[in-house]
């Protein structure tokens, strides 16, 4: 089934299930987002804009004031039979010379979100996705 075939059925589901409307709106980011959105909707267990945060003592630092703090918002997380998928959406155009440094930071951000999810929720994260909304490019690992 192609993404263009999925769109009308997703619209019908949104009419019948108002909670699904939040997923449709939160993940309607340009060309190519339909398949990721469909996977989330069909999973039956998704969340959008989930706060992610945790504080850990620095290496050799028992003092709470010297903790490492991680805070962010997971754009999309959904459950599939073999684990969770964590997705982050970026509007970056990916063409300037500084992009590789930002991309490394984006990947680190998603890795931190996955680590937070596994630590705090106790579910393994099987897949990480960076979705670049301009151009519909996905990086999956």
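Below is a table of values for the structure above.
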quantity: Filtered residues of region 97-112 (kept if modelled with pLDDT of 90 or more and closer than 25 Å to residue 69 by Cβ); calculated: 101, 102, 103, 104, 105, 106, 107, 108, 109, 110, 111
quantity: Given (1) under 15 Å from residue 52 (Cβ atoms); (2) at pLDDT 85 or above; (3) touching a strand residue (DSSP E or B) at 6+ places or on another chain (Cβ under 7 Å), number of the condition residue 115 does not satisfy; calculated: (3)
quantity: Complete set of residues in region 39-75 that are touching a helix residue (DSSP H, G or I) at 6+ places or on another chain (Cβ under 8 Å), modelled with pLDDT of 65 or more and in a loop (DSSP other than H, G, I, E, B); calculated: none
quantity: Residue 94 being in contact with a strand residue (DSSP E or B) (Cβ under 8 Å, 6 or more places away or on another chain), loosely packed, with under 14 Cβ neighbours inside 10 Å, at pLDDT 85 or above and not in a helix (DSSP H, G or I); calculated: yes
quantity: Hits in region 90-126 - residues which are within 21 Å of residue 43 (Cβ to Cβ) and in contact with a helix residue (DSSP H, G or I) (Cβ under 9 Å, 6 or more places away or on another chain); calculated: 123, 124, 125
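The values are calculated or read from the model by the stated rules, or taken from the named source; none is laboratory data. Everything numeric in this text was worked out from a predicted model, so none of it was measured. Glycine gets a Cβ as well: all are built from the backbone with ideal geometry, and neighbour counts include every protein chain shown.
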